[in-house]
Amino acid sequence: MTCRLLLLMLCLVQCVATQSQHTGREGAAEARQQGGRMDSLQQVGEVVILSKLTFREVIPTQKLSGEELQRLSALSVADATRYFSGVQLKDYGGVGGVKTVDVRSMGTNHLAVSYDGIVLGNAQNGQTDLGQFSLDNIEEVTLCNGQKSAIFQAASDFASASSVYIRTRMPRFAVGEHTHLKARVKYGASDLLRTSLLWEERLTPDVSLSTNAEFMTASGKYRFRYRRKNLDGTVAWDTTATRQNGDIHAERMELNLHGMLEQGQWQLKGYLYNSARGIPGAIVNNVWSRGERQQDLNTFYQASWQKSYGERFSTRWLAKYAFYQTHYANRDTTVLPVDNTYRQQELYLSTANVVELLPGWSASLSYDLRWNKLNADTYRFAYPTRWSHLLSAATAIDYRRLKIQASIVGSYINDRTRNNHQRKNDSQLTPALFANLYPFKGKWLSLRAYVKQSYRMPTFNDLYYTDIGSAALRPERATQYDVGLLMDRHLGEVHFSLQADLYYNKVKDKIIAYPKGQQFRWTMLNLGEVDIRGLDMAGSVALPLTRTGASLSLRAQYTYQRAIDITNRSTTYYRDQIPYIPRHAGSLIAGLDWRSLSLNYSFIYTGERWNAQENSQYNYMQPWYTSDLSAAWRFRLNGYECRLSAEANNLFDQQYDVIANYPMPGRNFAIGLEVKI
């Protein structure tokens with residue numbers, strides 16, 4: 001299968017290359033006949049201005065885009081989010097391991113993940129596995145704490161406590177260009193092989209097509225050291241083994257149609273992800289290999305249409321249908337056999353409208369309708385259906401050096417199960433207020449603050465699963481407070497920025513989920529109240545080394561979090577740090593570019609944590625760090641742009657677990673080649 005796919009990609013590259021060269025020769029000849037001078041053409045990247053109402057942001061965001069994403073030794077969107085402040089990545093190890101993101105200790109379910117403007121819903125477990133989204137065709141990944149502060153957005157975006165926005169590459173063509181083709185291949189440790197192909201075509205002056213296909217396979221095997229100590233400090237286990245049952249075989253395809261309108265744009269998208277993987281499981285009770293397998297088939301189709309009418313009114317319409325199928329099987333002889341299939345459907349419709357009432361004062365109104373249904377072949381399954389209605393109203397004031405935004409979201413949730421045996425309704429109003437002040441004329445310093453309430457309904461897993469669901473679970477409510485500053489300055493040729501935020505989050509009836517022996521199954525409970533206080537800092541410096549012709553870039557972030565359980569004074573874990581949240585964490589990215597060469601170094605540190613509610617020595621997890629080094633060389637071969645890269649990940653062979661008893665890979669290497677036409 002792999003050989004056939006590689007052969008097909010090479011054939012496509014050659015065919016399109018031949019056509020591109022032919023088209024280029026014809027265009028040059030035509031220009032000469034018309035007296036044009038090809039060497040005098042000045043090509044400017046395409047800039048589309050849809051409406052000034054769309055860019056009134058108050059709270060700065062954290063972004064990774066373009067060249068910054070290429071610098072990282074990252075396979076997926078999940079790997080890239082590790083470099084944002086305030087983020088904890090839950091990684092169960094290996095290429096195919098589940099990867100979810102927690103922002104400021106609020107929990108994965110409070111994070112909304114938006115893919116090209118539409119939230120990725122998952123009513124089954126409320127968690128989005130970001131490891132399923134490749135960086136191959138991603139143009140930008142953005143983290144917003146609180147919410148994206150522009151008021152021209154869907155009601156679902158206002159409702160979340162934090163958001164990750166994933167924006168895929170939009171085709172851009174220079175004068176005379178009609179076709180782009182990019183092929184990638186990467187081989188690395190654990191028998192990893194990734195091949196991908198990106199094809200972009202200009203169909204008309206206003207319509208373009210892009211399609212991206214990717215194939216990945218890996219054995220998932222890697223050596224690790226398993227070392228555990230008794231409470232008295234003596235060594236209980238110290239051995240080296242090979243991780244088993246972590247293989248993965250996955251295909252991803254995406255098709256996009258982009259169109260431009262007068263003061264607007266539209267997009268159609270089709271997405272398919274299909275994978276079969278082993279679930280290595282936790283290493284406990286001297287069990288080194290598991291028999292768990294999981295197959296995922298995720299498809300969705302979405303459409304967006306946006307248009308401005310003059311400078312005072314803009315409207316946006318969104319629609320989406322998604323079908324997710326998960327087949328989970330556990331054939332371990334030590335447990336009862338499991339072989340179940342879950343099928344989830346989602347229908348989503350949204351409209352957002354913004355109007356400028358007066359110069360500097362605008363307002364918006366948005367409505368979202370979401371329908372979710374879950375079927376399964378398990379015994380006595382509830383077959384739940386959920387209708388979600390969200391209505392938001394927001395306003396923004398932009399007066400000289402002061403920007404203020406306010407919003408309120410009304411949510412109404414209606415759940416029903418088969419034959420209406422269980423019904424659950426809930427409604428909530430969640431307001432938010434944001435402010436940003438520029439005290440100096442140059443606007444190089446901004447001071448910001450916000451307060452926001454958020455709310456999330458328990459998922460289908462939380463409520464209705466026969467073996468773990470609890471219909472008594474209460475909805476989770478949170479209040480967020482934040483004050484911060486941003487400095488962004490140019491001193492000569494040096495550009496630097498620094499932002500810092502102090503925050504306080506209080507979560508009531510917090511729902512905690514963690515593996516229950518099997519990775520696919522979870523234990524659910526309400527912790528009660530959680531008190532979260534923290535500090536986020538992020539800074540970057542861009543420094544051109546003029547004498548050598550090189551440039552240096554640095555990006556660093558630090559996070560301090562004190563997230564404690566304050567539910568019951570009589571418990572042994574009262575005021576203890578909640579599971580898997582480190583007090584200290586940070587990262588560093590350094591890049592050095594010289595001519596066609598680039599050298600990149602990234603460092604991640606996670607401080608001490610505990611893997612259970614009680615912060616005892618038995619539940620203690622040591623700090624860990626990793627260092628990744630990569631180098632890339634850009635060159636031209638037969639007129640094609642090429643990029644050859646090499647990576648050394650976990651350079652110092654750190655042995656660590658992100659999740660207890662799920663060992664991560666040690667030192668590993670990878671090489672890659674990219675060809676653009």
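The values are calculated or read from the model by the stated rules, or taken from the named source; none is laboratory data. As the structure is a prediction and not an experimental result, all values here were calculated from the model. Quick reminder, even Gly has a Cβ in these numbers, built from the backbone with ideal geometry, and neighbours come from all protein chains shown. Protein only, heavy atoms only, side chains kept; ligands, DNA and RNA dropped before computing areas. Shrake-Rupley method; radii C 1.70, N 1.55, O 1.52, S 1.80 Å.
Residue pairs, Cβ under 6 Å, 6 or more apart or interchain, first in the stretch 364-376 and modelled with pLDDT of 95 or more, second in a strand (DSSP E or B) and of a type in the set (Gly, Ala, Ser). List them.
Correct list of pairs: 364/394; 365/393; 366/352; 366/392; 368/350; 370/388.
Considering only the stretch 236-263, how many residues are part of a loop (DSSP other than H, G, I, E, B) and more than 22 Å from residue 276 (Cα to Cα)?
Step one: list which residues in the stretch 236-263 are part of a loop (DSSP other than H, G, I, E, B), which gives 243-247, 262-263.
Still in the list and also more than 22 Å from residue 276 (Cα to Cα): 262-263.
Residues in the stretch 236-263 being part of a loop (DSSP other than H, G, I, E, B) and more than 22 Å from residue 276 (Cα to Cα): 2 in total.
So how many residues does the stretch 572-615 have that are touching a residue at least 40 places away in the same chain (Cβ under 8 Å) and not in a strand (DSSP E or B)?
Residues flagged as touching a residue at least 40 places away in the same chain (Cβ under 8 Å) and not in a strand (DSSP E or B) within the stretch 572-615 amount to 12.
For (1) surrounded by 15 or more Cβ atoms within 10 Å (Cβ to Cβ); (2) over 19 Å from residue 305 (Cβ atoms), each residue gets a yes or a no:
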site: 239; (1), (2): no, yes
site: 242; (1), (2): no, yes
site: 248; (1), (2): yes, yes
site: 253; (1), (2): yes, yes
site: 256; (1), (2): yes, no
site: 269; (1), (2): yes, no
site: 274; (1), (2): yes, yes
site: 286; (1), (2): no, yes
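Mind listing whichever residues of the stretch 542-573 are open to solvent by 60 Å² or more (accessible area, probe 1.4 Å) and touching a Phe, Trp or Tyr at 6+ places or on another chain (Cβ under 8 Å)?
Matches in the stretch 542-573: 548, 567, 568.
Tell me which residues, restricted to the stretch 376-397, are open to solvent by 50 Å² or more (accessible area, probe 1.4 Å) and not aromatic (Phe, Trp, Tyr).
The answer is 377, 380, 389, 391, 397.
Of the residues 224, 215, 173, which single one is open to solvent by less than 70 Å² (accessible area, probe 1.4 Å), under 29 Å from residue 85 (Cα atoms) and of a type outside the set (D, E, K, R)?
Numbers: 215 fails: under 29 Å from residue 85 (Cα atoms); 173 fails: under 29 Å from residue 85 (Cα atoms).
Matching residue, one of 224, 215, 173: 224.
With the checklist (1) modelled with pLDDT of 85 or more; (2) in contact with a Phe, Trp or Tyr (Cβ under 9 Å, 6 or more places away or on another chain) in hand, flag the one item residue 130 doesn't pass.
Answer for residue 130: the failing condition is (2).
Which count do you get for residues in the stretch 275-330 that are in contact with a strand residue (DSSP E or B) (Cβ under 7 Å, 6 or more places away or on another chain) and either among the small types (Gly, Ala, Ser) or within 22 Å of residue 207 (Cα to Cα) (or both)?
Looking only at that region, the number is 24.
Examine the stretch 502-521 for a residue that is among the hydrophobic types (A, V, I, L, M, F, W, C), modelled with pLDDT of 90 or more, open to solvent by less than 20 Å² (accessible area, probe 1.4 Å) and closer than 30 Å to residue 65 by Cβ, and state whether such a residue exists.
At the first step, the residues of the stretch 502-521 found to be among the hydrophobic types (A, V, I, L, M, F, W, C) are 502, 507, 511-513, 520.
Add one more test, that the residue is modelled with pLDDT of 90 or more, and what stays is 502.
Applying the additional criterion that residues be open to solvent by less than 20 Å² (accessible area, probe 1.4 Å) yields none.
Scanning the stretch 502-521, I find no residue that is among the hydrophobic types (A, V, I, L, M, F, W, C), modelled with pLDDT of 90 or more, open to solvent by less than 20 Å² (accessible area, probe 1.4 Å) and closer than 30 Å to residue 65 by Cβ, so the answer is no.
Out of (1) closer than 30 Å to residue 301 by Cα; (2) of a type outside the set (Val, Ile, Thr); (3) out of contact with any Ser or Thr (no Cβ under 7 Å at 6 or more places or on another chain); (4) open to solvent by 50 Å² or more (accessible area, probe 1.4 Å), what's the single condition that is false for residue 320?
(4)
Among the listed residues 395, 430, 378, 326, which satisfies the condition of being polar (S, T, N, Q) and assigned to a loop (DSSP other than H, G, I, E, B)?
Numbers: 395 fails: assigned to a loop (DSSP other than H, G, I, E, B); 430 fails: assigned to a loop (DSSP other than H, G, I, E, B); 326 fails: assigned to a loop (DSSP other than H, G, I, E, B).
Result of the check over 395, 430, 378, 326: 378.
Does the stretch 229-237 contain at least one residue that is surrounded by fewer than 16 Cβ atoms within 10 Å (Cβ to Cβ), over 25 Å from the mean Cα position of the chain (by Cα) and basic (Lys, Arg)?
yes
Hey, among the residues in the stretch 99-148 that are under 27 Å from residue 449 (Cβ atoms) and of a type in the set (D, E, K, R), which one's surrounded by the most Cβ atoms within 10 Å (Cβ to Cβ)?
104
Where residues in the stretch 413-427 are under 16 Å from residue 460 (Cα atoms), in a strand (DSSP E or B) and not acidic (Asp, Glu), which of them is most open to solvent (accessible area, probe 1.4 Å)? Show your work before the answer.
The initial filter retains those residues of the stretch 413-427 that are under 16 Å from residue 460 (Cα atoms), namely 413-418, 420-426.
Next, only the ones that are in a strand (DSSP E or B) stay: 413-416, 423-426.
Next, only the ones that are not acidic (Asp, Glu) stay: 413-414, 416, 423-425.
Values: 413: 14, 414: 20, 416: 105, 423: 135, 424: 50, 425: 83 Å².
My answer is 423.
What number goes with the only condition from (1) of a type in the set (A, V, I, L, M, F, W, C); (2) open to solvent by 60 Å² or more (accessible area, probe 1.4 Å); (3) within 22 Å of the chain's Cα centre (by Cα) that residue 303 does not pass?
The single condition residue 303 does not satisfy is (2).
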